[in-house]
Every structure is written in C-alpha cells, then in structure tokens.
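The values are calculated or read from the model by the stated rules, or taken from the named source; none is laboratory data. Please read these numbers as outputs of a predicted model, since none were measured by experiment. Counting neighbours? That spans all protein chains shown, and the Cβs are built from the backbone with ideal geometry, glycine included. Accessible surface areas use protein heavy atoms only, side chains included; no ligands, DNA or RNA. Shrake-Rupley method; radii C 1.70, N 1.55, O 1.52, S 1.80 Å.
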Amino acid sequence: MGMDVNYSRALNLLKSNPPEQRLDLQLPSAKYLQLENAFFKLYPESLELRYPSLSYNSFTETVTVVTAPAYIHEDAAGDLSLAILGYAKQYVSTNCQDLASSIGHYGSTTTTDFSDAFEGSRKQPDGGVRYYSLDGDQITVVVELGFSENYVSLCRGKDMWIDGHGINVFILVCLTERPRFRNPTTLYEDIADVVDATRLMRNSVNETLRLNLSNNRHALFLYRGHKWAGELKEAFVEIWRAGSSISSRFYLIQNGHTCDELPTTLGIRTSDLFPDHVWQASNIPDRVIPFNASLYVTTLAKAMCATAVDRFKTFIREGGRRELRRRGRGRGRGRGRGRLTVNN
C-alpha cells in the first residue's frame with residue numbers, strides 16, 4: 001500500500017507541477033520505471049526538460065521530484081560553476097588553447113549513465129563542468145544548490161555523482177530561508193495590471209535590498225504585509241572530493257549577516273576540471289582557483305530579491321487565472337470578462 005501511495009504522490013506532483021516543490025520518497029526499481037514511463041508520456045520532451053525533473057537513486061531506491069525552483073536556485077548554482085570555469089579557461093589558455101577549449105559548463109542535461117550500485121539512476125545537476133574529447137565526455141565537477149531541510153537528500157546526490165559517475169568534486173551550496181515562503185491565504189482584489197503591479201512591488205523590495213547590502217544583512221522581503229522571501233539566515237558552501245569521506249565547509253552567511261571573514265578560495269584546483277590522465281599529460285602547473293565570496297554573497301542577496309518578485313508575480317498571475325475560471329463557472333460561457341481583479 002505504501003508503495004502505491006508514494007507512486008501516486010510523485011505522479012500527482014509531476015502532473016500539477018506547482019513551483020518550488022521537492023518530494024523525496026522510496027520506490028523500488030520496478031515501480032520507479034513505471035513512474036518514469038508515465039513521466040515520459042506527460043512530458044515527451046523530458047530529456048531536454050529542465051523542470052519538473054524526475055531523479056532516481058537506484059542504490060537507496062529514492063525518487064526525487066523537483067518542480068521549477070526559486071530564482072536563487074538557478075542563479076546561485078550557475079554563477080558559481082561559471083566563475084570556476086571562467087578562471088580555469090583563462091589560466092589554461094595561456095598554456096594550451098586546445099585544452100582550455102575542452103572544458104565547458106554543464107547543468108542542463110539529464111544524466112543516466114551511472115554505474116555500479118547506482119546503475120539505473122537518473123539525475124540532473126544544477127551546474128558543473130564537463131570535459132570534452134574525441135574519446136567521449138566526462139563530467140568532472142558538479143554544483144548542487146538546496147535548502148537546509150533537504151541537506152540529507154542533497155548528500156545522497158553527492159554519493160551518486162562521486163561513486164556512481166566518477167566526478168572529481170561535488171560542490172553543495174546550502175541555504176537556510178526563515179521563514180520559508182508561503183503564498184498568501186487569499187487572493188489580491190485590486191490588481192488591474194500584472195506588469196504594473198510587479199513594477200511597484202519590485203521598487204519596494206529593491207529598497208529593502210539596498211538596505212540589506214549596505215548593512216551586510218539578509219533580512220526578509222516584505223510587501224503589502226506579506227513575506228515574499230524569508231531572511232537568508234545561513235549560507236555555506238561544502239566541498240566533497242572523490243576518495244575522501246570528509247568535506248570542507250565554508251560559511252558565507254550566519255545569523256542573517258554576512259560573515260566577517262569570508263573565504264578567498266574553496267580549495268578547487270584547475271586540475272579538478274580535467275580527468276587525471278589528461279591533466280598529468282599537459283605538464284601545466286596546477287593552480288588554486290580563487291573565490292570572490294563578497295561578490296557571491298551579493299549575488300545571493302540580489303537573487304533572493306528577484307525570488308521575492310517572481311513569487312509575487314506568479315501568485316497574482318495564478319490568482320487571476322483562478323478568478324477568471326471561477327467567474328466563468330458562475331456566470332456561464334463568455335461572461336465575466338471585464339477587469340481582472342485578483343483578490344487579497
């Protein structure tokens with residue numbers, strides 16, 4: 001019975017696809033394949049589809065469904081992987097242009113070629129680096145971003161990538177938002193124009209962003225009495241390496257404030273972006289990749305502000321559609337067309 005309930009929960013979330021949802025549950029391989037088949041029928045373009053995403057860890061028999069994440073999710077993961085890639089490309093190109101051109105950004109492709117205990121798994125990273133060659137591609141670095149309540153699940157993903165795919169480094173960006181976002185319980189009644197309403201909201205929360213940046217704070221974003229993004233209470237980056245059971249953790253934000261002593265590197269080296277045999281054959285001196293933590297914290301702050309705006313815009317748009325559907329049911333076909341009023 002539990003297996004059928006879990007299957008139904010996962011399938012229903014894939015069908016409804018509301019934003020910012022993550023579901024982790026247990027399913028044996030045979031039941032997962034049934035779910036995967038249903039997913040392919042729902043979304044024929046699923047191999048290229050970013051969200052909703054369906055992942056499976058065959059070793060722990062864990063299914064993960066993720067719907068379109070908050071703006072900060074995409075921005076923070078992409079920014080970090082591109083910064084690492086950009087520095088490495090520039091440095092390696094001074095020694096070998098061909099080698100520099102063999103690494104590229106990775107983060108929008110579903111991966112299924114896991115091996116050993118993870119054979120049959122399916123995963124899509126948030127960001128990373130891939131090495132390209134005539135003999136085949138190899139993912140060397142993966143970046144995942146998540147919220148603190150999903151930390152254990154995110155670490156399971158680390159095992160998949162390192163042990164099941166042979167990557168060199170797994171980078172986890174973990175955030176704590178307090179309180180976690182919830183939509184208002186009633187709709188807004190006085191929205192006549194979504195674009196104009198969003199502009200006014202953006203202007204308001206931009207002032208909060210300005211104050212946050214000037215005071216090294218990460219306070220919540222409040223508009224019309226509602227919390228559209230909670231306080232970014234904590235943020236850290238965790239580095240896991242192949243062959244090691246110990247991670248390195250670097251704190252960026254604690255207790256809602258930017259840390260006084262920010263890291264200048266995450267310990268990632270240029271060699272980490274290449275297969276070992278390729279790097280050794282290059283005879284290029286290895287170099288530690290710097291990390292501009294101050295810039296990255298500013299990126300997180302701005303992404304939280306953009307997240308608040310996106311949540312507001314999504315809420316009033318969805319509210320308008322629900323209101324129009326309600327009017328259509330109450331007044332009959334072709335009626336209730338006038339001004340779009342979305343309720344609070």
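If R0 is 25 Å, what FRET efficiency do you get for S245 and E149 from their C-beta distance, rounded to 0.05?
E between S245 and E149, to the nearest 0.05, is 0.60.
Between N216 and V195, what length in nm is gained on full extension when 0.36 nm per residue of separation is reduced by their alpha carbon distance? Intermediate results must be reported in sequence, preceding the final value.
Numbers: separation 21, 0.36 × 21 = 7.56 nm, distance 3.05 nm.
Extra length from N216 to V195 when fully extended: 4.5 nm.
Tell me which label goes with the value of volume of the Cα convex hull per residue in Å³ computed from the coordinates here: (i) 152; (ii) 142; (iii) 173.
(iii)
Compute the distance in nm between two label points, each set 7 Å from the Cα along the Cα-to-Cβ direction, one at S294 and one at R180.
Once both label points are built, they end up 3.5 nm from each other.
Among bridges DSSP assigns within the chain, what percent are antiparallel (round to 5)?
On the way: 43 of 50 bridges.
Bridges in the chain are about 85 percent antiparallel.
Heavy-atom accessible area per residue, the chain, 1.4 Å probe: how many Å²?
Averaged over the residues of the chain, the accessible area is 49 Å².
Round to a whole number: what % of the accessible area of the chain belongs to carbon and sulfur, probe 1.4 Å?
In the chain, the share of accessible area belonging to carbon and sulfur is 49 percent.
Compute the acute angle (0 to 90°) between the alpha-carbon long axis of helix 2-16 and the principal axis of greatest extent of the alpha-carbon atoms of the chain; round to the nearest 10°.
The helix 2-16 is inclined about 70 degrees to the chain.
Which stretch or stretches of segment 194-232 have amide N atoms under 18 Å from the point lying 7 Å from N255's Cα along the Cα→Cβ direction?
Hits in segment 194-232 for N255 at 18 Å: 215-220, 231-232.
Which value at 222 nm does the chain reach when only helices count, each DSSP H run of 4 or more adding -39,500 (n - 2.57), with the total divided by all residues and rounded to the nearest 500 deg cm²/dmol?
Roughly -13500 deg cm²/dmol at 222 nm, from the helical runs in the chain.
What list of ³J(HN,Hα) values in whole Hz, one per residue of segment 120-132 in order, does the Karplus curve 6.51 cos²θ - 1.76 cosθ + 1.60 (θ = phi - 60°) give from phi, with Gly and Pro shown as x?
Values per residue, Gly and Pro as x: x, 7, 9, 7, 10, x, 7, x, x, 10, 10, 9, 10 Hz.
In whole Å, how far is the Cα centre of segment 263-286 from that of segment 61-81?
Computed from Cα coordinates, the inter-centre distance equals 26 Å.
Using a 1.4 angstrom probe on the protein heavy atoms only, could you order W161, W240 from most to least accessible area?
Accessible-area ranking of W161, W240, largest first: W240, W161.
Counting only pairs 8 or more residues apart or on different chains, how many lysine pairs in the chain have their Cα atoms under 30 Å apart?
So the count works out to 26.
Sequence-distant or interchain residues sharing an amide H contact under 5 Å with E231, placed H: which?
Answer set, sorted by chain and number: R178, L220.
Only Cα pairs under 8 Å and at least 6 apart count here; give the relative contact order of segment 39-190 as a rounded whole percent.
Answer for segment 39-190 is 19 percent.
In whole percent, what relative contact order does the chain give with Cα contacts below 8 Å and a gap of six or more residues? Display every interim value, and only then the final one.
On the way: 620 pairs, mean separation 52.2, N = 344.
Over the chain, the number comes to 15 percent.
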